[in-house]
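Undergrad: Below are the structure tokens for one structure; questions will follow.
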Amino acid sequence: MLLSCSAALLLTACGSTATKNGTPSAQQETGIHSEQSRLSADDLLSLAQQSSFDQAQIYRLKAAEILAQEGRSEAALNILSLIQTQRLPFKQQKLYVMLTARLSLEQGDGWQAMQALNNAGSNIYERLNGKDQQILTLYRARAYALMGYHESSAREYMTLARIQTGQSQSEAYAGLWNSLLNMSQEDIRLLLAEETDEEMQGWLDLARVRKEASANLDQFTTELNRWLEYWPTHPAVEFMPRDISFLDEISRNPITHIAVFLPQSGKLARAGNAIRDGIIASAIHNKTLGSQPPELSFFDSNKLSVNQLYSAASEAGAQVAIGPLAKDKVTALQQKSSLAMPTLALNYGTLSDRNNQELVQYAISVEDEASQAAQRAWQDGKKTALTLTPSNSWGNRALSAFRDRWTQQGGKVATSARYNTDTNLALSIKHTLEIDKSEERKKRLVKLLGQKLNFEPRRRKDIDLMFLVATPATARQVKPALAFYFASELPVYATSHLYNGQPNAKRDQDLNGINFCDIPWYLETPPLLKQQIDTAWQSEINRYGRLFAMGSDALQIAGRLRMISLLPGSKVYGATGTLSMQTDGRIQRELDWARFEDGIPVTRHHAQQQAIGQNTSRQSTTQ
């Protein structure tokens, strides 16, 4: 009864004092807002169904605002997606843009936020006051970062920093710095060579110094001093990133002796040897660059107990330990209340609790990659997935990690297909696309009508991506099968297992269009160290290439354990990804993304930067 009375009052008001263009007058808006404040979101949505087109948009917007205030962000975004913003008054357009962008960013959906900012946001930007323009600029910077457009994100943050002061300015420069560091070292160098903005030149040069510290920490202080002499008045002198200060301290007081606990015998010996050789090769390479590598002492973790390993390491004078590799021994370390020295384990233990602060866990796991595939697809605006994974423990772990992250973000897994060596992969894909159901419908129609029909099967239309875990031979069957079953346009997101790191355009044509994550060593211009390892261990590189890279990174991380432990968010830029430590003591790897084009992986950063165009930089040039 209350709703019907309120509706009557509101509709009467709309009918009696509307302005010529059909929007409420100022007096009318006051009355409407007063009545709206008494109504629930459901009440307002019911009113929208009874109202004129323009008034319905306002009611829906108010309903979305109420849902957001109640913490029902997904429901609010669903309502916002129905609103025709071009018919809204300026005040409501502003609310729509602010609300949509904020809620989308909170959900980790940069694509949806950018749609609002680029469409309705661009239309009202010039009419906003300075404070609101800054808010939209900040939202654009965050949206670009979520989408992986790190250069554009950095430029938005710099625009923001130039017009802010105090803590806000400091936070904007921190955002700029993080965006630059999410770019590859190669891309930073290319941008630095072409950059015309003097302030951005200084930031890019400092980012280059920071990235190069990964390879030669001993030279970091020298390079930093050179930067300070060349850029004495640059804003970064005042707003110096904290990780720069930590690296300067580490460079002056480096770790000088590391114990390495790896299996030199037993079933993990070959994997352990690849990691060992990666560590040694990295230490030798750093020495050729003028760095003084730490002394390395190796102990067979397959023959010695955990207590014996630490006793031997302490006797040798080690300050930090790398290893062990076996999961059961890492679990044994998790159970201890303290360790004799800071330790970088090369696997994840089975316990979720962190019982001591000395243990850091670093692994190359399919779970990490599956989770990042879910994150990448969500940031690309995808919502409903089908999955294709092996029917074994490896596939189980990948599927579970993908599903957990995907549903946590708000995505839906429509169907999951499993395969093994006996599976007809094409038929499995046909079934998941529900082509067989379409064919059954045709058979029923033919039987009903008693005549032949011109018929083309239709796949299900609710899915907008496939998540794939497969080795190269299996992965090459997927895109042809999708094309045969009328789904050639379906985006595929895969883990690194479909690529062995050796480009072969002829062999990998059938992988065209697949997005996948992998380590920087495989997707960026190969550094000299990788080339040397490829040459020295040709027979091992195809199978153990990522473990050689892991060894190289383990040496880096071991020398920076203090920084990543004491400085939340600090990162190590390594061969296996951008590495940072989570609160549970695990190293998180952020991988590169690429897409097969003409049989060759092309990193997404280059493709994205070309796609942005002038439209997405409009506000940077107008501020």
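The values are calculated or read from the model by the stated rules, or taken from the named source; none is laboratory data. Just so it is clear, the structure is predicted and the values come from calculations on it, not from any experiment. Neighbour counts are summed over all protein chains in view; Cβ atoms, including those assigned to glycine, are modelled from backbone coordinates with ideal geometry. Calculation scope for accessible area: heavy atoms of the full protein, side chains included, ligands and nucleic acids excluded. Shrake-Rupley method; radii C 1.70, N 1.55, O 1.52, S 1.80 Å.
Undergrad: Could you tell me which of the residues Ala207, Ala193, Ala213 is out of contact with any helix residue (DSSP H, G or I) (no Cβ under 9 Å at 6 or more places or on another chain) and either among the hydrophobic types (A, V, I, L, M, F, W, C) or closer than 19 Å to Pro520 by Cα (or both)? Lay out the reasoning, then the answer.
TA: On the way: Ala207 fails: out of contact with any helix residue (DSSP H, G or I) (no Cβ under 9 Å at 6 or more places or on another chain); Ala213 fails: out of contact with any helix residue (DSSP H, G or I) (no Cβ under 9 Å at 6 or more places or on another chain).
Exactly one residue qualifies, and that residue is Ala193.
Undergrad: I would also like to ask the following. Just give me the residues in segment 244-261 being assigned to a helix (DSSP H, G or I) and either without any contact (Cβ under 8 Å) to a residue 40 or more places away in the chain or open to solvent by 20 Å² or more (accessible area, probe 1.4 Å) (or both), in sequence order. Write out each step before concluding.
TA: Filtering segment 244-261 for residues assigned to a helix (DSSP H, G or I) gives 244-252.
If the condition is that a residue be assigned to a helix (DSSP H, G or I) and either without any contact (Cβ under 8 Å) to a residue 40 or more places away in the chain or open to solvent by 20 Å² or more (accessible area, probe 1.4 Å) (or both), then Ile244, Ser245, Phe246, Asp248, Glu249, Ser251, Arg252 are the ones that fit.
Undergrad: If you go through segment 359-378 one residue at a time, how many are polar (S, T, N, Q) and within 15 Å of Phe516 (Cβ to Cβ)?
TA: Filtering segment 359-378 for residues polar (S, T, N, Q) gives 361, 365, 371-372, 375.
Filter once more, so that each one left must be within 15 Å of Phe516 (Cβ to Cβ): 371-372, 375.
Residues flagged as polar (S, T, N, Q) and within 15 Å of Phe516 (Cβ to Cβ) within segment 359-378 amount to 3.
Undergrad: So which of Leu138, Leu146, Leu180 ends up being part of a helix (DSSP H, G or I) and surrounded by 23 or more Cβ atoms within 10 Å (Cβ to Cβ)?
TA: One residue alone meets the criteria, Leu180.
Undergrad: Here's something else I'd like to know. Mind checking whether some residue in segment 287-296 is among the charged types (D, E, K, R), surrounded by fewer than 19 Cβ atoms within 10 Å (Cβ to Cβ) and within 33 Å of the chain's Cα centre (by Cα)? Walk me through how you get there before you give the answer.
TA: Residues of segment 287-296 among the charged types (D, E, K, R): 287, 295.
Going one step further and asking which of them are surrounded by fewer than 19 Cβ atoms within 10 Å (Cβ to Cβ), we end up with 287, 295.
From what's left, within 33 Å of the chain's Cα centre (by Cα): none.
No, there is no match, as no residue in segment 287-296 is among the charged types (D, E, K, R), surrounded by fewer than 19 Cβ atoms within 10 Å (Cβ to Cβ) and within 33 Å of the chain's Cα centre (by Cα).
Undergrad: Moving on to the next point. Between a first residue in segment 132-150 that is within 20 Å of Asp187 (Cβ to Cβ) and a second residue that is outside any helix (DSSP H, G or I) and modelled with pLDDT under 95, which pairs have beta carbons less than 6 Å apart while being 6 or more apart in sequence or on different chains?
TA: If the second residue must be outside any helix (DSSP H, G or I) and modelled with pLDDT under 95, the pairs left are His150/Asn182; His150/Met183.
Undergrad: Let me ask something additional. Only one residue in Glu156, Glu195, Glu126 is modelled with pLDDT of 95 or more, farther than 30 Å from Leu528 by Cα, of a type in the set (D, E, K, R) and assigned by the TED database to the domain that holds Ala101, so which one is that? Steps first, please.
TA: Values: Glu195 fails: farther than 30 Å from Leu528 by Cα; Glu126 fails: modelled with pLDDT of 95 or more.
From the options Glu156, Glu195, Glu126, the qualifying one is Glu156.
Undergrad: Moving on. So, in segment 498-529, how many residues would count as being of a type in the set (D, E, K, R), open to solvent by 10 Å² or more (accessible area, probe 1.4 Å) and over 14 Å from Arg476 (Cβ atoms)?
TA: 1
Undergrad: Can you tell me which residue within segment 338-362, out of those that are of a type in the set (A, V, I, L, M, F, W, C) and more than 12 Å from Ser565 (Cα to Cα), is surrounded by the most Cβ atoms within 10 Å (Cβ to Cβ)?
TA: Here the answer is Ala345.
Undergrad: How do the pairs read when you match residues in segment 262-284 that are surrounded by 16 or more Cβ atoms within 10 Å (Cβ to Cβ) with residues anywhere that are of a type in the set (Ser, Thr, Tyr) and assigned to a helix (DSSP H, G or I), using Cβ under 8 Å and keeping only pairs 6 or more apart or on different chains?
TA: The qualifying pairs are Ala271/Tyr544; Ala274/Tyr544; Gly278/Ser552; Ile279/Ser552; Ala281/Ser552; Ser282/Ser552.
Undergrad: Ok, one more. For a quick check of your reading: which helices (runs of 4 or more DSSP H) sit entirely within segment 537-623 and have at least 3 residues that are surrounded by fewer than 17 Cβ atoms within 10 Å (Cβ to Cβ), under 20 Å from the mean Cα position of the chain (by Cα) and modelled with pLDDT of 90 or more?
TA: Here the list is empty.
Every residue, every condition in (1) open to solvent by 40 Å² or more (accessible area, probe 1.4 Å); (2) at pLDDT 90 or above; (3) more than 22 Å from Thr100 (Cβ to Cβ), yes or no:
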position: Ser16; (1), (2), (3): yes, no, yes
position: Phe53; (1), (2), (3): yes, yes, no
position: Ala56; (1), (2), (3): no, yes, no
position: Arg60; (1), (2), (3): yes, yes, no
